[in-house]
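The values are calculated or read from the model by the stated rules, or taken from the named source; none is laboratory data. This one's a predicted model, so the numbers in the text were calculated from it and none came from an experiment. We place every Cβ from the backbone using ideal geometry, glycine too, and count neighbours over all the protein chains shown. All accessible areas refer to the heavy atoms of the entire protein, side chains included, with ligands and DNA or RNA removed. Shrake-Rupley method; radii C 1.70, N 1.55, O 1.52, S 1.80 Å.
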Protein chains: 2
Amino acid sequence: MTDSTAPRGGKRERLVTSAGERLHRKGVAATTLADIAQAADVPVGNVYYYFKTKDDLVRAVLEAQVDQVEAMLASFETLPQPVDRLKALVRRWDEMRDVIARYGCPFGTLASELDRRDDGLDLEAAGPIRRILEWAEIQIRQLGQPDARELAITLFAGVQGGALLAGALRDPNLMSGQVRHLERWIDTVAASSTQS
Amino acid sequence: MTDSTAPRGGKRERLVTSAGERLHRKGVAATTLADIAQAADVPVGNVYYYFKTKDDLVRAVLEAQVDQVEAMLASFETLPQPVDRLKALVRRWDEMRDVIARYGCPFGTLASELDRRDDGLDLEAAGPIRRILEWAEIQIRQLGQPDARELAITLFAGVQGGALLAGALRDPNLMSGQVRHLERWIDTVAASSTQS
DNA sequence: GTCTATAAGGCGATAGAC
DNA sequence: GTCTATCGCCTTATAGAC
C-alpha cells in the first residue's frame, strides 16, 4: 500500500524536495516551475497533476519544513538536560554553516520572502520558525526562567541574525562564531536560573 | 547647475526612491519596472533612459542605502559616548518596528535576496550591512574591548534576527523587546570594558 | 496516470517619433 | 531629453493525446 502523499515513483516527493532546494538557493519568485521540474526529473506540465498552482507547491515545501523541524526537535529529546538540548539546536546551524554562508538559512530566507506577501501564504510562512520558538521557550522555562519567551526570541534571533550576516559577508566562520557565543549565552542563562 | 545624478524634475531620484520602497515591500524578483515607474510617476519605457537594465536600478538603490547608512551613522557622531552612539543605532530599528513587522528590515531583506545570486550584485549587496558592522566595531573598540569585531557581529545579528522574527510573527513588539534587550547588553559590554 | 503541445499573459528591453 | 508603441522571450497554467 502506497502513501497517498508519496505515489509510485515518488514523483510528488521528488518535486517537493527539488522545490525546497531551488527555493532555498534562488528564492520563490526567481524559481520557475520548469527549474523545479527539471531538477526532479519530471516533465514541466506534469507538475500540475500533483499541485494545482505554484503556490500550492510552495505550501507543500513549508509543510515539509515543519516536518523537518519536528524531526530535528524530536531528536533532541534524547538529551536529558534542557541546556544540552538548547545547545544541540544552535549547533545545527553551525553544521549548516557552509550552505548558510552561500544561500542563508532555509527557514529564515523562505519566511522572509513570503512574509511580505498578503495572500495567506505569508501567515503559513512563519510555521517552522514559530515551532522552533515554542520549543526553545519550553526548554528555557524548564531551566526555571520566568521570561522564557523573551529569552527564546533572543536566542533564535541570534541564530537567524548570524545566518543573515554570514550570508551577506559570505563567511561560514561568522556563523560558527555566533553559535559559540550563543552556547556560552545558554550557559549563562542556565547559571542564572532558579533551578537548583 | 544640476547634479548629473539628479536631473531636472528629479526623475532619476524619484525612480530610485520608488524602487527602494517597492523592493523593500515586494522583493527584487517580484517587483516589475512597470510597478516602480508607476510609483515614481514616470513612463515605463523612460526608465531605460536613466538605467540601462533593471539590475542597474537595483544597484542604484543599494548605493542610496549606503548613503542613508552613512547619514545615519554621521548623525550619531554628535553623541559624546560610544555607549550612547551604539544605543542610538539599535533604537533606529525600534523606530522602524511597524514597517519591519510587515516588510522586514530594508537592508536585511535586500541583502538576503541578492546574496543568493552569482552575478556580482550579490557582492555589492553586503555594502550597507558591512558599513554598519565596521562602525559598530569602532564604537565597541572605543569601549576598550579587544574582541570588538565579534561583539559588533553579536549586536547587529541581534538586530537583524529580531527584525526577521518580528516580520515572520508580524509583531512590532518583538522588535521593541529585542532592542531593549540589546540596550541592556550594550551596558553590560561597557561595564565589563577596560575603559576607566 | 502520464506526458506533449500550446495557450494566454506579463516581463524586460528596444526602436524611433517628437 | 522625453515618451509611445511594440518586440521577443519566458512564465504559469490548460487542453487533450496516449
When only residues in the stretch B:164-173 that are more than 8 Å from chain A (Cβ to nearest Cβ) and over 16 Å from A:GLU134 (Cα atoms) count, which is most open to solvent (accessible area, probe 1.4 Å)? B:ASN173
Only one of (1) surrounded by 13 or more Cβ atoms within 10 Å (Cβ to Cβ); (2) within 16 Å of DNA strand C (Cβ to nearest atom); (3) in a helix (DSSP H, G or I) is not met by B:TRP93, so which one is it? (2)
Only residues in the stretch A:52-65 that are assigned by TED's automatic domain parsing to the domain that holds A:SER18 count as the first member; pair them with residues that are within 13 Å of DNA strand D (Cβ to nearest atom) and of a type in the set (Asp, Glu), Cβ under 7 angstrom, at least 6 apart or cross-chain, and list the lot. none
Write out, first by first residue and then by second, each pair whose Cβ atoms fall under 8 Å of each other, whose residues are 6+ apart or on separate chains, and whose first residue, in the stretch A:20-36, is more than 13 Å from chain B (Cβ to nearest Cβ) while the second is open to solvent by 10 Å² or more (accessible area, probe 1.4 Å) and near DNA strand D (Cβ under 8 Å from one of its atoms). A:LEU33/A:VAL44; A:LEU33/A:LYS54; A:ALA34/A:VAL44
Which count do you get for residues in the stretch B:113-129 that are open to solvent by 20 Å² or more (accessible area, probe 1.4 Å) and at the interface with another protein chain (Cβ under 7 Å from one of its Cβ atoms)? 2
Taking the conditions exactly as written (within 14 Å of chain B (Cβ to nearest Cβ) and either touching a residue at least 12 places away in the same chain (Cβ under 8 Å) or more than 16 Å from DNA strand C (Cβ to nearest atom) (or both)), does A:ARG14 satisfy them or not? no
What number of residues within the stretch A:32-84 satisfy the criterion of being surrounded by fewer than 15 Cβ atoms within 10 Å (Cβ to Cβ), within 13 Å of DNA strand D (Cβ to nearest atom) and in a helix (DSSP H, G or I)? 8
